[in-house]
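Comments concern the structure below.
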Amino acid sequence: MKIKVAADPKSVLEGSLEIANYFGYLSGVHHVQVDVERDANLGNCVGGILVDINGEKYKVRDKKEAAMLFVQGVILRKKVKDLAVKKVLPPEESRITPEVLIVKRNFGKYRDIDGYIFLGGYEALKKALKMKPEEIVEEVKNSGLRGRGGAGFPTGLKWESALKEKASEKFVVCNADEGEPGTFKDRMIIEEDPHALIEGIAISAYTVGANKGYIYIRGEYSDVAENLKRAMEEAYDRGFLGEDILGSGFDFELVLRFGGGSYIAGEETALLESIEGRAARSRFKPPYPTQKGLFGKPTVVNNVETLVKVPWIILNGAEEYRKYGTESSPGTKLFSICGKANKKVVVELPLGVTLREIVYAYGEGIYGEGELAMVQTGGKAGTFVSKEKLDVKLDFDAIKEGVSLGSGAITLIDDKSRFLDIALNVIEFFEHESCGKCVPCREGTFLVRKIISKMVEEGKVDCDALQEIERIVLIMKDSSLCGLGQSVHNPIISLIRMLERGEVA
């Protein structure tokens, strides 16, 4: 038996792929052989998603109706009058934002440096070495490239600050300590395109006047680090790293350094402390790393995704890069889709894409029996978003609407999850990962975890306790030393607001 499910853009954004996957799930549960086909030309209908079973047209609005249709229409082979469709509309031509491959441009296309060079690799470095550092800075500034690790600081301004510093020694550091739960984009870059990362780092070093750099990679990434080591050895052998690179007189040494599994090491000053051999604990700012960073010298710290974009911008120009994204948030972003998603994947989309498109067109909705209840955007330190806000556009300005872009993690959560369980999971993570250096974060995470644990034990939500939690996390926001303590309010308060609106149980 064949089931066809509408897969035109309008139907997809209403969750048709999720319904198609659910029919496949029901087929396995009931041990019924069914061929489920997604048909972009099937058409659509008013008030639901169009489904064709052996020529009979039906509409379903959710998984409950899909289950009823499967039992009656497929297993019992009856016509389901309550879901029958009288009028089929032509396929909707509405647009789904396609992937734009800038970071992912070389994924799956090469295995060694020869393959990378064949694809145009290291041409950007050759071009950059013939430019003045100030020209490179202007190109990067004009592109509007902002940090893709979560903070979103303008990359060109950071480089300009380091370039202006007068020092006998400078450093560049690649932050590959991808510790944000639900984020796995940097790992994929290192697996699929290590040479683009090396090229981006070398361009950064030449621009700011650094002769040594570090790639700080999380210890758990030891397997993909081997791929990076091989690429670095190849780059040294071919003269893209080391002394007198490509005859330019520019020397640059690149070193791989493993982290110790600390979430806080993803904060740039804590990362520098770790490289220097101390515990990963944040420093007071100012001075900023571009003024006084690694070993007290001017240092630029950039995320993996940020650096991989640099060669493309140098070759194609800032104007070309700004054709993607929005005016205030140009370019693309890698999104890691995870949680209860049917399809767990990394996609590269222009900034300004809607959350709905990511959830339904690329994540294909919720796996299993549950329904979508909420989405957490931006990783553990990001915000919880109800399904009613799926049409928000994801860019650096989305935080004004209470939606965090952060690291690009998109975690789908179904309606079987409960408020207290989610809240406890969040605060236990932050308490465990707090370095303990500053009192607001160290004591605040402990107090919030204690209050939520009590509610979990009692099995009920205490409104007065929620007010106390909100007071504590807002104090942490204003007085914590680093981004960890300052961001705890994002998930906690957004979750509390959803509870108050009745969007989570």
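Kindly establish whether Cys441 is out of contact with any helix residue (DSSP H, G or I) (no Cβ under 6 Å at 6 or more places or on another chain) and in the same structural domain as Gly339 (by TED's automatic domain parsing). Steps first, answer last, please.
Working: out of contact with any helix residue (DSSP H, G or I) (no Cβ under 6 Å at 6 or more places or on another chain): no; in the same structural domain as Gly339 (by TED's automatic domain parsing): yes.
No; evaluated as a whole, the condition is false for this residue.
Answer yes or no: is there a residue in region 219-227 that is of a type in the set (Val, Ile, Thr), within 30 Å of Lys344 (Cα to Cα) and surrounded by fewer than 24 Cβ atoms within 10 Å (Cβ to Cβ). Outline the logic, then answer.
Keep residues of region 219-227 that are of a type in the set (Val, Ile, Thr), which gives 224.
Retained after the next criterion (residues that are within 30 Å of Lys344 (Cα to Cα)): 224.
When the remaining residues are screened for being surrounded by fewer than 24 Cβ atoms within 10 Å (Cβ to Cβ), the result is 224.
Yes, some residue in region 219-227 is of a type in the set (Val, Ile, Thr), within 30 Å of Lys344 (Cα to Cα) and surrounded by fewer than 24 Cβ atoms within 10 Å (Cβ to Cβ).
Out of region 164-188, which residues are of a type in the set (Phe, Trp, Tyr) and assigned to a loop (DSSP other than H, G, I, E, B)?
The first filter runs over region 164-188 and keeps only residues of a type in the set (Phe, Trp, Tyr), leaving 171, 184.
Listed by number, the list holds a single entry, Phe184.
One residue is enough: does region 168-188 have a residue meeting the conditions crowded, with 21+ Cβ neighbours inside 10 Å, more than 25 Å from Asp223 (Cα to Cα) and not hydrophobic (A, V, I, L, M, F, W, C)?
yes
Any idea which of (1) more than 39 Å from the chain's Cα centre (by Cα); (2) under 23 Å from Val32 (Cα atoms); (3) touching a residue at least 12 places away in the same chain (Cβ under 8 Å); (4) crowded, with 16+ Cβ neighbours inside 10 Å is the one Phe70 doesn't satisfy?
For Phe70, the exception is condition (1).
So which residues in region 48-65 are closer than 13 Å to Glu18 by Cα, surrounded by 14 or more Cβ atoms within 10 Å (Cβ to Cβ) and basic (Lys, Arg)?
Residues satisfying the conditions are Arg61, Lys63.
So, of the residues in region 247-262 that are farther than 29 Å from Thr183 by Cα and in contact with a helix residue (DSSP H, G or I) (Cβ under 6 Å, 6 or more places away or on another chain), which turns out to be surrounded by the most Cβ atoms within 10 Å (Cβ to Cβ)?
The selected residue is Phe252.
Can you say whether Ile117 is in the same structural domain as Asn227 (by TED's automatic domain parsing), under 38 Å from the mean Cα position of the chain (by Cα) and among the aliphatic types (A, V, I, L, M), as far as the supplied structure shows?
On the way: in the same structural domain as Asn227 (by TED's automatic domain parsing): yes; under 38 Å from the mean Cα position of the chain (by Cα): yes; among the aliphatic types (A, V, I, L, M): yes.
Considered against the rule, which asks whether it is in the same structural domain as Asn227 (by TED's automatic domain parsing), under 38 Å from the mean Cα position of the chain (by Cα) and among the aliphatic types (A, V, I, L, M), Ile117 comes out as yes.
Here is a yes/no grid of residues against (1) in contact with a Cys (Cβ under 6 Å, 6 or more places away or on another chain); (2) in contact (Cβ under 8 Å) with a residue 40 or more places away in the chain; (3) closer than 17 Å to Gly368 by Cβ:
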| position | (1), (2), (3) |
| --- | --- |
| Glu14 | no, yes, no |
| Val32 | no, yes, no |
| Arg38 | no, no, no |
| Gly43 | no, yes, no |
| Lys57 | no, no, no |
| Lys64 | no, no, yes |
| Asp82 | no, no, no |
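I need the full set of residues from region 110-155 which are in contact with a helix residue (DSSP H, G or I) (Cβ under 7 Å, 6 or more places away or on another chain), part of a loop (DSSP other than H, G, I, E, B) and more than 30 Å from Thr269 (Cβ to Cβ), in order please.
Across region 110-155, the qualifying residues are Tyr110, Asp112, Leu119, Gly121, Tyr122.
This table checks each residue for (1) surrounded by fewer than 18 Cβ atoms within 10 Å (Cβ to Cβ); (2) out of contact with any Leu (no Cβ under 8 Å at 6 or more places or on another chain); (3) more than 21 Å from Ser386 (Cβ to Cβ); (4) modelled with pLDDT of 95 or more.
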site	(1), (2), (3), (4)
Lys437	no, no, yes, no
Gly444	no, yes, yes, yes
Asp464	yes, yes, yes, yes
Ser479	yes, yes, yes, yes
Cys482	no, yes, yes, no
Asn490	no, yes, no, yes
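Exactly one of these conditions fails for Gly296: (1) touching a residue at least 24 places away in the same chain (Cβ under 8 Å); (2) on the phi > 0 side of the Ramachandran plot. Give me its number.
(1)
Regarding region 243-257, can at least one residue be identified that is assigned to a helix (DSSP H, G or I) and among the aromatic types (Phe, Trp, Tyr)? Break it down stepwise before answering.
First, the residues of region 243-257 that are assigned to a helix (DSSP H, G or I): 245-247.
Subset that is among the aromatic types (Phe, Trp, Tyr): none.
The answer is no; no qualifying residue exists.
Which one of these is over 17 Å from Gly15 (Cβ atoms), outside any loop (DSSP other than H, G, I, E, B) and under 12 Å from the mean Cα position of the chain (by Cα): Phe335, Phe384? If you could, list the steps in order and put the result at the bottom.
Details: Phe384 fails: under 12 Å from the mean Cα position of the chain (by Cα).
Going through Phe335, Phe384 in turn, just one is over 17 Å from Gly15 (Cβ atoms), outside any loop (DSSP other than H, G, I, E, B) and under 12 Å from the mean Cα position of the chain (by Cα): Phe335.
The values are calculated or read from the model by the stated rules, or taken from the named source; none is laboratory data. Computed from a prediction, not measured in an experiment: that's the story for all the values here. Every residue, glycine among them, receives a Cβ derived from its backbone with ideal geometry; neighbour counts consider all protein chains shown.
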